[in-house]
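The values are calculated or read from the model by the stated rules, or taken from the named source; none is laboratory data. Since the model is a prediction, treat every value here as computed from it, not as a measurement. Reconstructed Cβ throughout: ideal geometry from the backbone, glycine too, with neighbour counts over all protein chains shown.
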Ligand SMILES: [Zn+2]
């Protein structure tokens, strides 16, 4: 009888204690997670603070670049869309950005390099779409880098991020003998975001989600490069070559 009278109260007390302990633990875990998330986001939004990056949308105006009318793919338009997306995601992590063109206009290759040099940009990123009619199976985004160790490092880091968003991509960053890469003074890369001559790549290139993923992959490669160059004590403002 005595046991029956006391037991329910003890049980409720124990249950209530466990309940309170659970609620407090859950609140503590949520607080820690929120703190980590907010702090991480703050670090990330400042990731490229102090960097000035020139983003170059290839072709424009009468110069269409690669195109595949059946799917409405016109390189100059794709390049501009990706360049603007890249400008936005770089801006989101506090980088200052200059675009070599803002609309569908023709800009000479030497003028593109001159703009980046005159602005003292610390990095140059040109956006293009590849084509290789001789072998339509060629696919995957690929980075070409200017003739300097820092450009090569940047190219390798951006290529790794592009492979991370497309595991089928087997391409490697390679040296590229392009005028915009020769004429710019800062670390410089040219990113071919895929092949207009490959069916799979065309579907990717025409998908706004893929373009956004490409922009974020390039941004993440640049963030990694900025951390590497800081650790290697490479001054941001020095001309690369
Ligand atoms: Zn092109």
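Quick notes
- Region 211-227 - residue that is surrounded by fewer than 20 Cβ atoms within 10 Å (Cβ to Cβ) and more than 16 Å from residue 80 (Cα to Cα) and, of those, farthest from the chain's Cα centre (by Cα): 227
- When every residue of region 222-239 is checked against the conditions, at least one turns out to be in contact (Cβ under 8 Å) with a residue 12 or more places away in the chain, out of contact with any helix residue (DSSP H, G or I) (no Cβ under 8 Å at 6 or more places or on another chain) and not in a helix (DSSP H, G or I).
- Exactly one residue among 103, 87 is surrounded by 18 or more Cβ atoms within 10 Å (Cβ to Cβ), more than 15 Å from the ligand (Cβ to nearest atom) and modelled with pLDDT of 95 or more, and that residue is 87.
- Any hit, region 35-52, residues being more than 22 Å from the chain's Cα centre (by Cα), exposed (fewer than 14 other Cβ atoms within 10 Å of the Cβ) and not in a helix (DSSP H, G or I): no
- Near pairs, Cβ below 6 angstrom, 6+ apart or cross-chain, from region 46-59 (in contact (Cβ under 8 Å) with a residue 24 or more places away in the chain and outside the structural domain of residue 226 (by TED's automatic domain parsing)) to any residue that is in a loop (DSSP other than H, G, I, E, B) and within 16 Å of the ligand (Cβ to nearest atom): none
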